[in-house]
Amino acid sequence: MGFKFSDGKPYKVVAFCVTSFKDDDQVRILTKLCHDCEKNNVRIMIFTSVTDLHEGGVNDIGEAQIFFSFDVERFDAVIVMSETFKREDVLNNLVRRAIDSNVPVISVDREIDGCINIVFDYSGSFEKVVRHVVEFHKARTVNFIAGMRNNSFSDERIDCFKKVMEENGLEFDERRVLYGDFWANPTRAAVEEFISSGLSMPDAFICANDIMAIECMRVLKSHGYRIPEDIIVTGYDGVELEKFYSPRLTTSEFDIDALGEAIFCSIHDNTDGRKGCDKILISYRNRIGESCGCQKMSADNVEEKLMQVKLAIDQKEQFVKDMYNMIARLSGYPLMHYIFSSVPECVSPILLKEMWMCFNDAALDRNMDISFEFDRTAQDHSGYTEIMRVPAHVFGDKTQPEEDFEQRDMLPDIGRILDENLYIMFVPVHLQGVTMGYMANTFDIDCFKFGFYQTFILDFKNVIEMYVSRSATEQMYIRDMLTQIYNRHGFYRNIGEIMKRSRREEIPFTLISIDMDGLKQINDTYGHAEGDFALKKIAECMRTSTAMDEICSRFGGDEFVIAFCDSRGEERGNEIIEEMHDKLREFNSYSQKPYYVNMSVGMYSKVAEKSDTLDLYIKYADALMYANKRENKKREYSLKNDI
């Protein structure tokens, strides 16, 4: 891959950074950009989180790492949905990295020095809503529901309200300004308090956003007031929820087409040697509805809407049940390998095209299991390793591991993926703030289930969390503490599945018995520390000579076992044995130890039959191993006599 992702490509590649990816506004903007990126010759790599980073706890620490995961200089531009970031340090770091790398930054919904700023004309568009109520509907007593106190967005809308009231000769009464904090529950409390205050009810409630307007209508209805016959209610920002409420709100929404055009124009104007505008203003469009009386309330398509909502709820409930069953099933699996192989059936309702689970090199061992040395309590363990591992690449109903790759590429074979896909999404994977890696996926924006995907991410992290917690305890019982491979208990716990596979698929089950030569002499002559060193060297050769589905175990003392199921049977076993001998010869040639580390080996391989027991394989492999040990001793004796 070249320095920039777009090097040698007929398209530009941009990073799109946003938090809380399933929120309605984020989905709406993402959908627009994904629809238009092909005709604009742009590929989008979406970096996002489940949360908006507001809480600032360990969970948000882990979520924030995705925005530190990529090299900004590899992109042609960086788009930042700035107002979605509730942690200023994360946003500032992201913007500063891009500016320092001379990469254009497009900040949406907030003005930031050094950026191309695309901002919304909140004041002008909100003023149109207020004028519609005051001047067209002639409302004279008007209540205003603001957001939070001392909030710039809220204060701007209060000022706009004041201005229109004064221009129309109407009194601005502070007692009629309520604060709903932009949320439903505070709005309910504020409206209830006003109703019980003894002040006369107004002709209209003008609300600073739709959520507060909908909650205001619900409270008024509960007290017997009719909307709009008794009281007019208006909102602002055009949220998706409004479509399912009756009466439909009179509100205002930003011009999504103008926003999309501004973003793509800014990309090309600032990456083709030209300098675009530093500030672009996006207008809102008023959407006149039923809550002010301009549109008649209609029951048209109510049945269809209810059916859509019911189907959506049923699908979500079924998916939640599926995820509950996934947690119960996967949490009991003995190895991460089995968990990863079960992912395709879990994610099929999300309608992904491809998905990659990318883990830090330090998080996984060579068998693609959680590394025994990984410290999940290390809260300073943040960021991503230079080399990433892919234990699961999901496509269709299949999953397979991929080759390790450099993290700066974000994915293995990133060039092909960008050629074949218009957009890719990256979300973080972490355990209580400790970075594990990230998930990446490609999808069709018109089919993708954002809510389902969020549910899967959270539940899959729970599966990993439970697996790691359980593994930490189990390691004490199934791992040999000296060599870090399985002990006898761990071997017996995992061998059953391998023998079952041999019977089921009728391919050989192979067991290699290994005995280290001369351990007692090393202990007696050079001390137990040297004996331990030699034992660890044997285990290291076993680990590095076997594959992820081949089990290595220390049975005790100087006895070791390797077991696997492979169609090549003895041929594969001989490969492992020869590779171990080569590694030991190489070690003995340079170690400068006063002793050699050697081993005796025996192997038994055949398709497991129903009546076969593991003891049978151990018996025959041990017999061959002891025969090899006798040969080794004879050879050693012969060499001594020759000397």
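The values are calculated or read from the model by the stated rules, or taken from the named source; none is laboratory data. The model shown is predicted, which means the values in this text are computed figures rather than measured ones. Methodologically, a virtual Cβ is constructed for each residue, glycine included, from the backbone with ideal geometry; neighbour enumeration extends over all protein chains shown. Just so you know, the surface numbers come from the protein's heavy atoms only, side chains and all, with ligands and any DNA or RNA stripped out. Shrake-Rupley method; radii C 1.70, N 1.55, O 1.52, S 1.80 Å.
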- Task: Quick one: which residue in LYS593, LYS583, LYS610 is more than 16 Å from PHE491 (Cβ to Cβ), out of contact with any strand residue (DSSP E or B) (no Cβ under 7 Å at 6 or more places or on another chain), of a type outside the set (A, V, I, L, M) and at pLDDT 95 or above?
- Result: LYS583
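Residues are listed down the side, and each one gets a yes or a no for (1) at pLDDT below 95; (2) not acidic (Asp, Glu):
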{"site": "THR187", "(1), (2)": "no, yes"}
{"site": "VAL191", "(1), (2)": "no, yes"}
{"site": "MET201", "(1), (2)": "no, yes"}
{"site": "GLU215", "(1), (2)": "no, no"}
{"site": "SER222", "(1), (2)": "no, yes"}
{"site": "VAL239", "(1), (2)": "yes, yes"}
{"site": "LYS243", "(1), (2)": "yes, yes"}
- Task: Can you confirm whether the range 585-592 contains a residue that is among the hydroxyl-bearing types (Ser, Thr, Tyr) and in contact (Cβ under 8 Å) with a residue 12 or more places away in the chain?
- Result: no
- Expected output for the range 457-483 (first residue within 16 Å of ASN494 (Cβ to Cβ), partner open to solvent by 40 Å² or more (accessible area, probe 1.4 Å) and of a type in the set (Phe, Trp, Tyr), Cβ below 7 Å, 6+ apart or cross-chain) is GLN475/PHE372; ARG479/PHE372
- Query: When the range 128-162 is examined, which residues are found to be of a type in the set (Lys, Arg) and in a helix (DSSP H, G or I)?
  - Reply: LYS128, ARG131, ARG157, LYS162
- For residues that are within 44 Å of the chain's Cα centre (by Cα) and aliphatic (A, V, I, L, M), scanning just the range 604-617, find the one that is most open to solvent (accessible area, probe 1.4 Å). VAL607
- Query: Looking only at the range 439-466, which residues are open to solvent by 20 Å² or more (accessible area, probe 1.4 Å), in a helix (DSSP H, G or I) and touching a strand residue (DSSP E or B) at 6+ places or on another chain (Cβ under 8 Å)?
  - Reply: GLU465
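Identify the residue in the range 120-157 that is among the hydroxyl-bearing types (Ser, Thr, Tyr) and within 15 Å of ASP237 (Cβ to Cβ) and, among all such residues, is surrounded by the fewest Cβ atoms within 10 Å (Cβ to Cβ).
Per the criteria, the residue is SER123.
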- So is ARG389 modelled with pLDDT under 85, buried (at least 18 other Cβ atoms within 10 Å of the Cβ) and not hydroxyl-bearing (Ser, Thr, Tyr) or not? no
- Query: How many of the residues in the range 397-438 are within 22 Å of GLN65 (Cβ to Cβ) and in a strand (DSSP E or B)?
  - Reply: 18
- Task: Working only within the range 117-137, note down all residues that are free of Cβ contacts under 8 Å to residues at least 60 places away in the same chain and among the charged types (D, E, K, R).
- Result: GLU127, ARG131, GLU135
- Note on the structure: When the range 524-548 is checked residue by residue, the ones that are open to solvent by less than 30 Å² (accessible area, probe 1.4 Å) and either among the acidic types (Asp, Glu) or over 25 Å from ASN574 (Cβ atoms) (or both) are GLY527, GLY531
- Among the candidates THR442, THR473, THR435, residue that is farther than 30 Å from ILE538 by Cβ and modelled with pLDDT under 90: THR435
- Note on the structure: By residue number, the members of the range 221-234 that are touching a helix residue (DSSP H, G or I) at 6+ places or on another chain (Cβ under 7 Å) and without any contact (Cβ under 8 Å) to a residue 60 or more places away in the chain are HIS223, ILE231, VAL233
- Residue check, VAL58 against (1) open to solvent by 10 Å² or more (accessible area, probe 1.4 Å); (2) touching an Asp or Glu at 6+ places or on another chain (Cβ under 7 Å), all met but one. Which one? (2)
- Note on the structure: Flagged pairs (Cβ under 6 angstrom, 6 or more apart or on separate chains; first in the range 505-519, touching a residue at least 12 places away in the same chain (Cβ under 8 Å); second among the hydroxyl-bearing types (Ser, Thr, Tyr) and not in a strand (DSSP E or B)) are ILE507/SER567; PHE509/SER502; LEU511/TYR617
- Query: Is it fair to say ASN270 is of a type in the set (S, T, N, Q), buried (at least 16 other Cβ atoms within 10 Å of the Cβ) and assigned to a strand (DSSP E or B)?
  - Reply: no
- Message: Against the condition of a type outside the set (Phe, Trp, Tyr) and in contact (Cβ under 8 Å) with a residue 12 or more places away in the chain, how does GLU174 come out, does it pass?
- Response: no
- Considering only helices (runs of 4 or more DSSP H) fully contained in the range 287-364, which possess at least 2 residues that are without any contact (Cβ under 8 Å) to a residue 60 or more places away in the chain and surrounded by fewer than 16 Cβ atoms within 10 Å (Cβ to Cβ)? 302-330
- Query: Given the residues VAL105, VAL78, VAL72, which is the only one that is within 19 Å of TYR11 (Cα to Cα), open to solvent by less than 10 Å² (accessible area, probe 1.4 Å) and touching a Lys or Arg at 6+ places or on another chain (Cβ under 7 Å)?
  - Reply: VAL72
- Message: Contact list please: Cβ distance under 6 Å, first residue in the range 188-203 and touching a residue at least 12 places away in the same chain (Cβ under 8 Å) and on the phi < 0 side of the Ramachandran plot, second residue surrounded by fewer than 16 Cβ atoms within 10 Å (Cβ to Cβ) and of a type in the set (Val, Ile, Thr), pairs at least six apart or on different chains.
- Response: PRO202/THR141; ASP203/THR141
- Message: Here is a check on your reading of the model: is THR399 in contact with a strand residue (DSSP E or B) (Cβ under 9 Å, 6 or more places away or on another chain) and at pLDDT 85 or above?
- Response: yes
- Output the residues belonging to the range 158-198 that are aliphatic (A, V, I, L, M) and either open to solvent by less than 20 Å² (accessible area, probe 1.4 Å) or under 39 Å from the mean Cα position of the chain (by Cα) (or both). ILE158, VAL164, MET165, VAL177, LEU178, ALA184, ALA189, ALA190, VAL191
- Those residues that are among the acidic types (Asp, Glu) and either within 20 Å of VAL561 (Cα to Cα) or open to solvent by less than 20 Å² (accessible area, probe 1.4 Å) (or both), I need them from the range 475-507; list them, please. ASP480, GLU497
- Query: Restricted to the range 520-556, and to residues that are farther than 16 Å from ASN598 by Cα and among the hydrophobic types (A, V, I, L, M, F, W, C), which residue is modelled with the lowest pLDDT?
  - Reply: MET548
